[in-house]
Amino acid sequence: MLDITNIISAVLKGDEPEVKLLVLEAISTGEKAGDIMNKGLIAGMDEVGKKMEAEDMFIPEVLMSARAMNSGAQILKPHLTEEDSGGIGVLVIGTVQGDQHDIGKNLVKMLMEGAGFEVVDLGTDVDPHKFVSAVRDNNATILAMSALLTTTMPMMADVISALNSEGLRDRVKVLVGGAPVTEEFSDEIGADGYGPDAGSAVRIAKTLISGEV
Amino acid sequence: MASICSNEQALNSPFAKKLADEQCQKIYWACLEILERTGVCLYDQDAVDILKKAGAYVTNGNRVRIPSGMVEKAFSTVPKNLSLYDRMGNRVMQVGGYRSYFGTGSDCLNIIDHRTGERRQAVLQDITEGMTVCDSLDHIDFVMSMFLPSDVPQERLDRYEMEVMLNNTTKPIIYVTTEFSGCADAVKMAEIVAGGEDTLRCRPFAACYINVTTGLRHNEEALQKLLYLSEKGLPFTYIPSAQGGVTAPITIAGTMAVNYAGVLTGLVLSQLKREGAPFIMPGWGGNMLDMKTMVQPYADPQKRAQSIDFVHYLGLPMFSLAGCSESKLVDQQAAIEAALTLFTDALFGGNLVHDVGYLESGLCGSLPQVVICNEILDWLSAFMKGIEINDETLALDLIDEVGPDGQYLDNPHTLKHFKERWYPKLFDRSNYNGWKSKGGKSLGKRASESVDQILAEHKPEPLPKDVADAVHAIVVEN
């Protein structure tokens, strides 16, 4: 039987070599790759996410965990079946047009990868049409947008109307965040979720996709 | 342990000074003139006799004038640095120089009960809880009783205080007793705990706080305690309480001169009784009574710092005072006065800094206020450290490697060093939503919850049963 707790605690410690070793061991003893992924690596990052939100972990430590998780996932990749190889979904992320701030966006990106999302990063100052095409081309489950300025925040609404006019709005969940963004603003522009910080953004993203099933 | 040391890296770490050496010399000479010209009144015959025998001039039975040479001689035998130990015999404090250690005050009549928010008379259980909290806090280095228990026989309350301190913390203790016999009993208890008279002298974990009537008028109990402890070679503070405008001139220099003339009288007596006896001076001076309210202000900006400079000039270990407030509540004034006074003592290098957590000018205490002060001291511990500037900390190769568009969040250099930065434990840095989701609580509320958590979880190392019994026998002895 797969000793999940070892993988979970190695991910929590951010111990990359240990995570790799444990994943290899689990594979060689014939564990199901899907189980190693979901009950080990992703479960470990769930714990990390909870600790981060509770401010029990420092961001650099969280990123160590995310890196360890990703290394484990790379080893697992060839062993995953068609069914479980897609991870938990594709997430397109970017900072809206007119805005160059990317500290928060990058942090969310790294944490989303750690949580098991396949992330397409469009960078900063992203044109609404670029968001729309990325959603279409990658068959994205989630579109995550960031803005740090009150002057660029309204661009989020423009992206949502662009999704609407292209008939893509129903296929993707929209997640927004950034210092000036509030729950009220998120509701007002018709986004599906708002993350007040990077940790909760991951939690909300996961809720959004599980709600879909 | 706060591990605060002013001027730790000479001229490369925070340090402050208010008096020049020449000014300190003027005050010192003023003290010498007061002792020679005006003299002091000592209400203890032994003390008078000892001074007379050594060359002091005595009139009217107890008016003693002390020649400067006697003071100068005392400086040549008194220790300039004092080691204090914990209850287990580990050396935990080097009192002297610019090192700062922090502890509570003693004997507050009242407490703001953190469970009800009400101000009430203090009881023995409050001391038990106070000691438990202090035992768990990183930056409370020594303890005093905090409260005056109203629910024990008043003539023996100092024994009860000592017992509760011994039972509930291993940190060094500064005890206060009313009568002389209480002092002798406290020493007996400490000797039992240390395992004998010599062990306590070699590894003192307790010091007596002796209060003296005024600078030039010394009460019998204070003098008896001084002579007794000096003979035993046990540490004590000798603190005359000259009040500017009432028992000394209202001016800072005048009050200081009168007060330290009294301190120097104690110093001379201690060294006459036993050369090399440890002696701790007060590190505040220029006390006043508020000329509107007659309250003695503890957080007064003008009574601090100059005396720390003065005692550094004299080169002796000092007992100082900070972390206290005039406020009646654990409120904004309490936090501000606590922070400013602690900051001052850290910068100037006060040694044994007591009264942390005092409210209402020494009449009321609060456990959450002590927890808040502990956080202030954590902040100060970080602030007082010098900055390392070298290849590793400048990280020029890294800066070039990461480049203008890169980021450092998951870089090994960040991982290696991020814990060197300061992170609060009680102060809140969350964003608004994070703060709100944790209950949206004020500092006072968080400090109060922290007290509850400590009291539920922290178990101080108890005294061995036979030792605790022997200590208790002294408390209840008739």
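Please report the net charge: other residues with Cβ closer than 14 Å to the Cβ of B:Val451, K and R +1, D and E -1. Net charge around B:Val451: -3. Computed per residue of chain A from DSSP H runs no shorter than four, each worth -39500 (n - 2.57), the mean residue ellipticity at 222 nm is -15500 deg cm²/dmol.
Peptide A:53-63 has a mean of 4 when you count, residue by residue, the C-beta atoms of other protein chains within 10 Å of its C-beta. Sum up the charges of everything whose Cβ sits under 10 Å from the Cβ of B:Ile308, counting Lys and Arg as +1 and Asp and Glu as -1, but leave B:Ile308 out. Residues near B:Ile308 contribute +1 overall.
For the residue pairs A:Lys77/A:Lys173; B:Lys17/B:Lys445; B:Lys419/B:Lys445; B:Lys171/B:Lys225, the alpha carbons lie more than 30 Å apart in B:Lys17/B:Lys445. Within the range B:343-478, the proportion of C-alpha pairs whose separation exceeds 23 Å stands at 63%.
For B:Tyr408 and B:Glu22, FRET efficiency with R0 = 30 Å and r from the beta-carbon atoms, rounded to 0.05? That gives a FRET efficiency of 0.05.
So for the range B:186-225, what percent of the C-alpha to C-alpha distances run longer than 10 Å? Looking at the range B:186-225, the distances longer than 10 Å represent 71 percent of pairs. The B-A contact accounts for approximately 1200 Å² of buried accessible area, totalled over both chains at a 1.4 Å probe radius. The residue list B:Ala253, B:Gly349, B:Gln302 was ranked by how far each Cα lies along the charge dipole of the protein assembly as shown toward its positive end, using unit charges on Cβ atoms, and B:Ala253 comes out on top. Accessible surface comparison of B:Trp284, B:Trp435, probe 1.4 Å, protein chains only, largest first: the order is B:Trp435, B:Trp284. Rounded to the nearest 20 debye, the dipole size of the protein assembly as shown about its Cα centre is 2420 debye, using +1 on the Cβ of Lys and Arg and -1 on the Cβ of Asp and Glu. Principal-axis analysis of the Cα atoms of chain B puts helix B:45-54 at an angle of about 80° to the longest axis.
Separation of the range A:52-84 from the range B:219-248 is 66 Å, based on Cα centroids. Restricting attention to the protein assembly as shown, close to 25% of DSSP beta bridges with both partner residues there are antiparallel. Adding -39500 (n - 2.57) for every DSSP H run of four residues or longer, then dividing by how many residues chain B holds, sets the calculated 222 nm ellipticity at -13500 deg cm²/dmol. Helix B:21-33 axis versus longest C-alpha principal axis of chain B: approximately 30°, rounded to the nearest ten. Applying 1/(1 + (r/R0)^6) with R0 = 56 Å to the Cβ-Cβ distance of B:Glu155 and B:Trp422 gives a FRET efficiency near 0.70.
Equivalent ellipsoid of chain B: semi-axes from √(5λ) of the C-alpha gyration tensor, largest first, are 39, 28, 22 Å.
Per the Debye formula on identical point scatterers at the alpha carbon atoms of the range A:73-155, with no solvent, log10 I(q)/I(0) at q = 0.11, 0.19 Å⁻¹ is -0.33, -0.81. Across the range A:60-172, C-alpha contacts under 8 Å between residues 6 or more apart give a mean separation that, scaled by the residue count, equals a relative contact order of 30 percent. Measuring nothing but how far apart in sequence close Cα pairs (under 8 Å, 6+ apart) lie, relative to its length, chain B scores a relative contact order of 20 percent.
Among B:Asp126, B:Asp198, the order of accessible area from largest down is B:Asp198, B:Asp126, computed with a 1.4 Å probe on protein heavy atoms.
Close amide H pairs (under 5 Å, H built 1.01 Å from N) link B:Gly244 with B:Asn287, B:Met288, B:Leu289, residues at least 5 positions away or on another chain.
Within the shell of other residues whose beta carbon sits under 11 angstrom from the beta carbon of A:Ala198, the net charge comes to +1, with Lys and Arg scored +1 and Asp and Glu -1. Compute the helix-to-body angle for B:68-77: its Cα long axis versus the longest principal axis of chain B, expressed 0 to 90° and rounded to tens. With rounding to tens, the tilt is 50 degrees. When the Cα convex hull of the range B:164-239 is projected onto planes of every orientation, the mean area is 4.8 nm². Accessible surface of B:Met146, taken over heavy atoms with a 1.4 Å probe and every protein chain present, rounds to 10 Å². Both numbers refer to the Cα atoms of the range A:90-212; Rg and Dmax are 12.4, 33 Å. Using the Cα coordinates of the protein assembly as shown, the gyration tensor eigenvalues translate into equivalent-ellipsoid semi-axes of 64, 27, 23 Å, sorted from longest to shortest.
The heavy atoms of B:Tyr43 offer some 100 square angstrom of accessible surface to a 1.4 angstrom probe.
Ranked from largest to smallest solvent-accessible area, with a 1.4 Å probe on the protein heavy atoms, B:Glu33, A:Glu188, A:Glu53 come out as A:Glu188, B:Glu33, A:Glu53.
Just report the Cα centroid separation between the range B:66-90 and the range A:114-149, whole Å. Cα centres, the range B:66-90 to the range A:114-149: 72 Å. At the residue level, B:His413 shows approximately 50 square angstrom of accessible surface with a 1.4 angstrom probe and all protein chains present. Pairs of Cα atoms nearer than 8 Å and 6+ residues apart set the relative contact order; for the range A:4-79 it is 48 percent.
Within straight-line reach of B:Lys80, meaning a Cα separation under 16 Å, sit the following aspartates and glutamates at least 8 residues removed in sequence or on another chain: B:Glu72, B:Glu275, B:Asp309.
Computed from the C-beta positions of B:Asn12 and A:Thr5, the FRET efficiency with R₀ = 41 Å rounds to 0.30. Size descriptors for the range A:5-66 (Cα atoms only): Rg and Dmax, in that order, 11.7, 37 Å.
The values are calculated or read from the model by the stated rules, or taken from the named source; none is laboratory data. Only a predicted model underlies this, so the values are computations on that prediction, with no experimental measurement involved. Methodologically, a virtual Cβ is constructed for each residue, glycine included, from the backbone with ideal geometry; neighbour enumeration extends over all protein chains shown. For the accessible areas, the whole protein counts, side chains as well, though only heavy atoms, and no ligand, DNA or RNA atoms are used. Shrake-Rupley method; radii C 1.70, N 1.55, O 1.52, S 1.80 Å.
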